[in-house]
Amino acid sequence: FFAERVWRQRRPRPDRSELAAAVAALKGARKPLIIAGGGVLYSQASDELATFAEGAGIPVCETQGGKSSLPDDHKLNMAAVGVTGTSAANRLAEEADVVLAIGTRLQDFTTGSWALFK
């Protein structure tokens, strides 16, 4: 009855052609932005997010569910984006020419019903 359970998270590999398209878009971007959601935390991928963002020099905004995907004092953490986000993060989202969404479904709360993204 109280036996220990082990939960395994499924971690599917990305489609190679979609990954190649994302890499090409990021390489050509002038103002890229990463939006990190709760999936980063569920996947325990905060270190990987930090390594990627630092290596690429891309700022990171967080959804409400993705709070603390990067430490608050991380130089690339631009804080929350969306309806309850900061004006700085929302401006970055508005000006971004490529948005890489990691661990988020980009719901209305994050996108302001898509009004934040031009």
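Each value in this text was obtained by applying a stated rule to the coordinates, not by laboratory testing. What you see is a predicted model; the values in this text were computed from it and never measured. Ideal geometry is used to build each Cβ from the backbone, glycine not excepted, and the neighbour counts take in all protein chains shown.
Residue-wise HN-Hα couplings along the stretch 25-30, as the Karplus relation 6.51 cos²θ - 1.76 cosθ + 1.60 with θ = phi - 60° gives them from phi, are 5, 5, 5, x, 6, 9 Hz; Gly and Pro carry x.
Taking Cβ atoms as reference points and 12 Å as the exclusive limit, the residues near L70 contribute a net charge of -4, counting Lys and Arg as +1 and Asp and Glu as -1.
Please report the net charge: other residues with Cβ closer than 14 Å to the Cβ of F109, K and R +1, D and E -1.
Residues close to F109 contribute a combined charge of 0.
Largest mean-square fluctuation among K75, K31, K67, in a Gaussian network model of the chain whose springs join Cα atoms under 10 Å apart, belongs to K75.
Counted by Cβ distance under 11 Å from G82, the other residues give a net charge of -2, where Lys and Arg count +1 and Asp and Glu count -1.
With a ≥ b ≥ c the root eigenvalues of the C-alpha gyration tensor of the stretch 77-118, is it rounded (a/c under 1.5), prolate (a/b larger than b/c) or oblate? Rounded. From the largest down, the chain spans 54, 34, 28 angstrom on the principal axes of its Cα atoms. Summary of the geometry: the stretch 69-118 and the stretch 1-55, compared by the centres of their Cα atoms, lie 16 Å apart.
Within a straight-line Cα-Cα reach of under 16 Å, K118 can be paired with the following aspartates and glutamates, leaving aside sequence neighbours fewer than 8 residues apart in one chain: E94, E95, D97, D108. Fewest neighbouring Cβ atoms within 10 Å first, the residues W114, W7 line up as W7, W114.
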